[in-house]
Amino acid sequence: MPAFHEFERLFPKEPLLGPSALETHPRILAVLAHPDDESFGMGGTLAFYAWSGAQVFLVCATNGDLGEVAPEFLHGYASVVERRKAELCKAAESLGLAGVYMLGYRDSGMPGSPDNQHPQALAAAPLDEVAARVTQYIRLLRPHVVLTFDPIGGYRHPDHIVAHHATVKAFHAAADSQVYPSDLAPYQPQKLYFHLISRTFLRLGVILMRLFGKDPKRFGRNGDINLAALAKEDFPVHAQISYRLVEKQRKAAALAHASQMSGPGVAGGVFERILRFFGSKDQFMRAYPAPEPGLHESDLLADVRI
Ligand SMILES: [Zn+2]
């Protein structure tokens with residue numbers, strides 16, 4: 001196994017894991033796209049499993065270059081990326097993550113923006129290149145369960161969609177030494193889940209926006225999220241994870257991303273209250289093993305052999 005420094009670990013600063021620790025804890029790896037996806041999306045679930053004793057790792061594909069950051073948040077930071085990485089470290093600490101690794105791609109912006117074409121953009125990278133890199137992290141960290149975005153990247157963000165496809169490829173490639181070969185031993189994780197934005201939550205969002213005279217087709221800071229269309233996309237919910245016990249940690253992680261607080265994943269205000277109304281639960285669709293009809297899990301580690 002190569003030394004950790006050959007991989008780009010952002011958090012923690014000091015090596016945390018010994019080989020014995022790796023053998024005894026359940027391990028979960030989330031592969032996401034931007035610094036803040038881990039807190040605004042499935043943060044409750046990540047915090048819950050870290051709290052319950054699992055080692056929870058994050059691979060973050062981009063540096064979040066295009067997150068809008070007001071000038072007051074840049075004091076003491078050389079760039080937007082530096083600020084967002086610092087926020088990610090703080091969030092990782094709140095969530096109790098065992099490690100955060102960066103792929104270092106450039107944020108691609110929303111669909112159709114010129115940033116999609118930037119040579120360093122995640123959306124412009126060959127899918128096999130991204131999948132090969134995610135595969136190496138699966139072989140390095142040997143997670144029992146892998147989590148990523150749903151097939152439409154939650155709200156059709158091109159970086160989320162790339163992270164989804166690369167993770168699905170990597171999940172199936174990691175056990176085959178012939179695919180994306182490396183010095184690391186092949187490894188097959190046992191379960192793969194896609195995080196879902198609650199459709200009830202989205203539908204309620206559409207109703208509320210109409211009620212307040214806003215266009216639900218133009219949600220988010222830049223008005224580029226079509227909430228009405230998203231609410232109509234239906235994915236089966238195979239697992240619901242309650243994170244009521246770690247609500248404080250999830251909230252602290254979301255607040256760590258202070259520079260991003262007025263984006264689509266707002267941690268304060270009305271949407272936060274709606275989230276709590278829904279009972280502090282995250283929803284997931286199971287991709288592997290193939291779900292049996294009527295599957296309804298309340299634990300992502302159910303039937304996992306450690
Ligand atoms: Zn994102």
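The values are calculated or read from the model by the stated rules, or taken from the named source; none is laboratory data. Values in this document were obtained by computation on a predicted structure and should not be read as measured data. Virtual Cβ from ideal backbone geometry, glycine too; neighbours counted across all protein chains shown. All accessible areas refer to the heavy atoms of the entire protein, side chains included, with ligands and DNA or RNA removed. Shrake-Rupley method; radii C 1.70, N 1.55, O 1.52, S 1.80 Å.
Things to note:
- GluC sites (Glu not before Pro) restricted to DSSP loop in the stretch 26-108 with at most 15 other C-beta within 10 Å: Glu68
- Sorted largest first by accessible area at a 1.4 angstrom probe radius, with every protein chain in place, the residues Thr62, Thr200, Thr24 fall in the order Thr24, Thr200, Thr62.
- Built amide H within the under 5 Å cut-off of Leu10, gap 5+: Val100, Tyr101, Met102
- Dipole in debye (nearest 20) - the chain, about Cα centre, beta carbon charges: Lys, Arg +1; Asp, Glu -1: 820
- Rounded accessible area per residue of the chain, 1.4 Å, Å²: 44
- Extending 7 Å from the Cα toward the beta-carbon at both His165 and Lys232 defines two label points whose distance is 2.4 nm.
- Shape call, the stretch 97-155: gyration tensor on alpha carbons, a/c limit 1.5: prolate
- Order by protection proxy (mean Cβ within 10 Å, highest first), peptides 176-186, 243-253, 49-59: 49-59, 243-253, 176-186
- Taking the chain as a Gaussian network of alpha-carbon nodes connected by springs under 10 Å, the highest mean-square fluctuation of the residues Gly112, Gly41, Gly205 belongs to Gly112.
- Per-residue Karplus couplings for the stretch 98-106, computed as 6.51 cos²θ - 1.76 cosθ + 1.60 with θ equal to phi - 60°, are listed in order as 8, x, 10, 10, 10, 8, x, 6, 8 Hz, Gly and Pro entered as x.
- In this structure, the amide hydrogen of Ala287, modeled 1.01 Å from its nitrogen in the peptide plane, lies closer than 5 angstrom to those of Leu192, Tyr193, Phe194, counting only residues at least 5 positions away or on a different chain.
- The label point for Gln178 and the one for Glu129, both projected 7 Å from the Cα toward the Cβ, are 2.6 nm apart.
- The stretch 56-120 and the stretch 164-202: distance between their alpha carbon centers, rounded to Å: 22
- Remark: relative contact order (the stretch 204-259) = 19 percent; criterion is Cα-Cα distance under 8 angstrom and separation of 6 or more residues.
- The overall shape of the stretch 212-253, judged from the alpha-carbon gyration tensor, is oblate: a/c is not under 1.5, and a/b is no greater than b/c.
- P(r) of the stretch 125-171 over all Cα-Cα pairs, binned every 5 Å from zero, in whole percent: 5, 25, 29, 24, 13, 4
- Taking the accessible area of the stretch 19-80, probe 1.4 Å, and keeping the other protein chains in place, the carbon and sulfur fraction comes to 58%.
- Members of Lys191/Lys251; Lys214/Lys251; Lys169/Lys281; Lys169/Lys191 lying beyond 25 Å, as alpha-carbon distances in this model show: Lys191/Lys251; Lys214/Lys251; Lys169/Lys281
- With Cα atoms as the point set, the radius of gyration and Dmax of the chain evaluate to 18.3, 57 Å.
- Other-chain or far-sequence residues with amide H under 5 Å of Ala30's (modelled H): Phe57, Leu58, Val59, Leu147
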